[in-house]
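The values are calculated or read from the model by the stated rules, or taken from the named source; none is laboratory data. Bear in mind that the values here come from a model prediction, so they are computed numbers and not experimental data. We place every Cβ from the backbone using ideal geometry, glycine too, and count neighbours over all the protein chains shown.
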Amino acid sequence: MIPQSEWLTAVEAAAYLKVKVRTLLLWVRQGKVKGYALSGTQRCVWRFQHCDLDAMLTQPSVALESKRRIQ
C-alpha cells in the first residue's frame with residue numbers, strides 16, 4: 001500500500017523500498033538516499049519524498065559501474 005502523501009516516514013519509506021528501517025537510515029548516512037531531518041525534536045525524525053526514493057532506485061549500482069569500467 002502506497003501512502004497518499006508524497007512525504008513518507010522512515011517506516012513507510014523502508015516499506016516502499018522493501019528494506020528494514022535500519023538499512024534505510026544507514027543509506028541516508030552514506031548519502032545513498034536523500035532524507036530530511038525534522039528540526040525541533042529531541043530525536044532525529046526523518047521524512048522522505050517519493051521522488052527521492054524513486055531516483056535512488058533508478059541509479060546504477062556501484063557493482064554495475066565498476067563492471068563497466070573493467071570491460
Members of region 27-55 found to be more than 14 Å from V11 (Cα to Cα), over 10 Å from the mean Cα position of the chain (by Cα) and in a loop (DSSP other than H, G, I, E, B), listed by number: S39, G40, T41, Q42, R43
Close pairs (6 angstrom Cβ cut-off, 6 or more residues apart or separate chains): touching a residue at least 12 places away in the same chain (Cβ under 8 Å) in region 16-35, part of a helix (DSSP H, G or I) and acidic (D, E) anywhere: K34/D52
Close pairs from region 49-70: first among the acidic types (D, E), partner modelled with pLDDT of 85 or more, Cβ under 6 Å, at least 6 apart: D52/K34
